[in-house]
Ligand SMILES: [Zn+2]
């Protein structure tokens, strides 16, 4: 039987369904290195969806030669320590437009308005997911091409920091933010790239050039200007360079190679940037 058709056992006998496959789904279904696991049938607005789970064993990571620090934030979705910025500007505009539309629909509160609200939420979800896929893929490809390990902030510690601004906190606890981290982690595993999570305390207020640490080095959310040496940079990029540096100090590449990815997380006694 072709993979485009599926035979389902229902209460009223067998039903042969024709799958409407996109290029992405078809590529994975026909790729025999991806094993087919379970499947789940869902109905949404009278359309049936078959969710198929596929899995593949992750290869052993290649030996990295350094770190690519990645800062995930509000102004930009991500910035890396090479100075590349992965913009969230487009998302922000779309989000604001949809927010206004949503308010109007909520006020209307008719059956049709409620249906549109649900449809818009799903649309926004898909849009954000596509952006997260694109950014995580770009980051992982870059790390792989330059033979670097990826350094991310350890999220479990972010909640403890009282200095995180409210808006930043909202973003960091959103599903989209967590999804981007999840995507980076799993794509990295598939591409044999190591990921370490570091204590990012002070990475946004420390100068990546001279090491001077002061909250006032950040005149606003987007900019960094060192009060000591005058170094200026995009705040996210400055933070990403610091993240790469903290990772290099706490997780020297040599030590990284002697442990598994799971254990490459920050140890409780790891040293953060001193202030
Ligand atoms: Zn400085």
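The values are calculated or read from the model by the stated rules, or taken from the named source; none is laboratory data. Computed from a prediction, not measured in an experiment: that's the story for all the values here. So basically every Cβ, Gly included, is an ideal-geometry build from the backbone, and we count neighbours across all protein chains shown.
Scanning region 185-210 for residues that are free of Cβ contacts under 8 Å to residues at least 12 places away in the same chain and within 16 Å of the ligand (Cβ to nearest atom) yields no hits at all. Of the strands (runs of 3 or more DSSP E) entirely within region 1-106, those holding at least 3 residues that are farther than 22 Å from residue 125 by Cα occupy 5-10, 13-18, 35-44, 66-72. Residues of region 229-238 that are crowded, with 23+ Cβ neighbours inside 10 Å and within 14 Å of the ligand (Cβ to nearest atom): 235, 238. When each of 96, 84, 40, 124 is tested for being surrounded by 15 or more Cβ atoms within 10 Å (Cβ to Cβ) and at pLDDT below 90, the lone residue that passes is 124.
Going through (1) in the same structural domain as residue 220 (by TED's automatic domain parsing); (2) touching a strand residue (DSSP E or B) at 6+ places or on another chain (Cβ under 9 Å); (3) under 30 Å from residue 18 (Cβ atoms) one by one, residue 148 falls short only on (3).
Pick from region 171-184 the residues that are under 25 Å from residue 65 (Cα atoms) and touching a residue at least 24 places away in the same chain (Cβ under 8 Å): which of them is nearest to the chain's Cα centre (by Cα)?
Per the stated criteria, the residue is 180.
Is there a residue in region 207-216 that is at pLDDT 95 or above, crowded, with 18+ Cβ neighbours inside 10 Å and over 17 Å from residue 246 (Cβ atoms)? Looking through region 207-216, none of the residues is at pLDDT 95 or above, crowded, with 18+ Cβ neighbours inside 10 Å and over 17 Å from residue 246 (Cβ atoms).
Scanning region 241-265 for residues that are at pLDDT below 95, part of a helix (DSSP H, G or I) and either within 11 Å of the ligand (Cβ to nearest atom) or farther than 12 Å from residue 206 by Cβ (or both) returns 247, 248, 249, 250, 253, 254, 255, 256, 257, 262, 263, 264.
The residue that is nearest to the ligand (Cβ to nearest atom), counting only those in region 215-228 that are in a loop (DSSP other than H, G, I, E, B) and without any contact (Cβ under 8 Å) to a residue 60 or more places away in the chain, is 226.
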